[in-house]
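The values are calculated or read from the model by the stated rules, or taken from the named source; none is laboratory data. On a predicted model such as this, the values are computed, not experimentally measured, just so you know. Because the Cβ atoms are built from the backbone with ideal geometry, glycine has one as well, and the counts that use them run over all protein chains shown. In case anyone asks, the SASA skips ligands and DNA or RNA and just uses the protein heavy atoms, side chains included. Shrake-Rupley method; radii C 1.70, N 1.55, O 1.52, S 1.80 Å.
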Amino acid sequence: MMGLSKHKEEQMQHVLSRSLAVLALTVASVTTAGIASSQTATAPGATVEGDTIVFGQTAAQSGPQAPIGASKWGLEAFIASVNANGGVAGKKLRLISYDDGYQPAQTTALDKKLVYEDRVFAIVGSIGSPTTAAVYKALNEEHVPLLSMGSGSPIFYEPGLKYVFPSWPIYTTDGETMGNYVKKHFPGQAAAVIYQDDGFGKPILAGIKKSLGKVDLEIPYVPSQVDFSSAVIKLKSSGIKVVMLATIATSGAQILNQMDSLSYHPTRILTSSACGYGGIFGAIKSLEGTYCTAFLPPPGSSDPQWVEFANAMQKYGQGHPPDIYAAWGWLAGQVAYAGLEKIKGPITRDALVAQLETLRNFDTIAGKINYSPERHEGSCCQLLWQAKGGKWEIVPDSQFNGSAMK
């Protein structure tokens with residue numbers, strides 16, 4: 001009897017173990033299906049409810065790259081001017097902007113917060129190539145519009161990115177603008193490029209080489225680099241006469257100041273990302289004569305688009321100057337508003353995308369922008385400024401049109 005009881009007990013344990021195993025597999029399957037479903041679901045906030053349309057933004061507002069964070073103030077000024085005139089379909093605009101310190105990991109975490117906690121309608125005017133590269137695919141897959149990011153990296157212009165709308169000229173246009181000018185005005189002179197070794201600097205380098213065929217010296221650097229003395233010594237000792245800088249603001253200033261300290265004065269051409277802040281003439285004492293690529297009017301311009309922006313900054317800019325970085329934010333506001341104001345009926349993300357894709361020769365502070373269902377293209381063209389007498393002046397015969405929608 002004792003043996004029989006033990007046998008039955010073992011049978012019951014075996015049955016119970018199998019039942020628990022089946023239950024565990026069932027729970028795991030249901031959980032996995034639930035996670036997969038949540039990952040493929042459209043992000044919250046796809047339709048505007050209530051009386052406010054909320055934009056999200058990330059930009060460096062602290063650390064070495066903080067100057068580019070001034071874009072926030074241009075976007076805030078644009079939003080304030082729209083709200084002062086009744087908003088969009090009776091709804092007010094609002095911006096939630098976070099400091100990502102120009103760190104891609106921070107951008108990823110903050111964009112997740114913006115989308116899933118703050119429930120923003122769109123990401124508008126975020127700044128940075130490596131930072132935006134960390135999030136653009138996820139935002140596109142989640143059907144969250146990414147509008148007028150502060151970057152011309154070619155990855156944002158690829159077909160199939162339905163919810164991604166760049167507004168800058170593609171970075172290869174930036175490089176070709178430099179290269180064409182050097183080829184025309186400094187033929188045969190030894191030329192070099194110092195470039196940020198990522199999705200920002202590499203396409204500019206590619207554009208330069210496309211125009212020139214080759215350069216005599218290429219010097220990469222990483223965004224965290226602060227000492228450029230060895231690079232400048234190498235440029236000088238190599239007899240380089242023309243230096244093109246695919247750098248952002250802080251790095252460009254450090255390089256030019258290092259050149260001055262070593263009495264090295266080649267022809268210098270900066271990318272537009274390096275020369276947009278209001279204090280540049282104070283930060284770089286030897287700036288006179290330096291060239292800079294540009295897709296916006298120079299500060300102080302009489303261009304009607306610039307005048308409107310400058311007046312709004314004076315009224316709504318909270319004491320911040322109307323510099324190029326702030327104008328980046330203003331441009332982002334123009335793009336977002338152009339789509340929103342055309343919507344008839346419920347304001348949804350898909351309705352915004354549909355209206356943006358109808359924009360042809362849309363006038364902005366950066367010139368004309370074209371979008372279509374097949375192609376989301378930024379501003380077509382760039383030209384050069386030159387530093388003269390403490391201000392930037394447009395260089396005649398320096399424009400380059402890199403548009404594929406001419």
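A few points about this structure:
- Check on Lys344, out of contact with any His (no Cβ under 7 Å at 6 or more places or on another chain) and in a loop (DSSP other than H, G, I, E, B): yes
- Region 120-148, subset in contact with a strand residue (DSSP E or B) (Cβ under 7 Å, 6 or more places away or on another chain) and assigned to a loop (DSSP other than H, G, I, E, B), residue modelled with the lowest pLDDT: Gly128
- Against the list (1) among the hydrophobic types (A, V, I, L, M, F, W, C); (2) in contact (Cβ under 8 Å) with a residue 60 or more places away in the chain; (3) open to solvent by 40 Å² or more (accessible area, probe 1.4 Å), the condition Ile155 fails is (2).
- Sub-7 Å Cβ pairs linking a first residue in region 100-111 that is farther than 16 Å from Gln225 by Cα to a second residue that is open to solvent by 60 Å² or more (accessible area, probe 1.4 Å), at least 6 apart or interchain, are Asp100/Gln106, ordered by first then second residue.
- Criterion violated by Gly201 - all others in (1) of a type in the set (Gly, Ala, Ser); (2) in contact (Cβ under 8 Å) with a residue 40 or more places away in the chain; (3) over 22 Å from Ile127 (Cα atoms) satisfied: (3)
- Region 347-388 - residue that is charged (D, E, K, R) and assigned to a loop (DSSP other than H, G, I, E, B) and, of those, nearest to Pro304 (Cα to Cα): Arg360
- Total residues in region 304-344, condition free of Cβ contacts under 8 Å to residues at least 40 places away in the same chain, of a type in the set (Gly, Ala, Ser) and closer than 13 Å to Ser81 by Cβ: 1
- In the set Gly390, Gly367, only one residue is in the same structural domain as Lys91 (by TED's automatic domain parsing), open to solvent by 10 Å² or more (accessible area, probe 1.4 Å) and modelled with pLDDT under 95; that residue is Gly367.
- Selection from region 197-235 of residues that are closer than 15 Å to Lys183 by Cα and polar (S, T, N, Q): Ser211
- Tyr136, sole failed condition from (1) open to solvent by 10 Å² or more (accessible area, probe 1.4 Å); (2) touching a residue at least 40 places away in the same chain (Cβ under 8 Å): (2)
- Of the strands (runs of 3 or more DSSP E) contained entirely in region 176-254, those carrying at least 3 residues that are outside the structural domain of Gln65 (by TED's automatic domain parsing) and surrounded by fewer than 20 Cβ atoms within 10 Å (Cβ to Cβ) fall at 217-221.
- Residue match in region 275-293 (condition: of a type in the set (Gly, Ala, Ser), surrounded by fewer than 20 Cβ atoms within 10 Å (Cβ to Cβ), touching a strand residue (DSSP E or B) at 6+ places or on another chain (Cβ under 7 Å) and outside any helix (DSSP H, G or I)): yes
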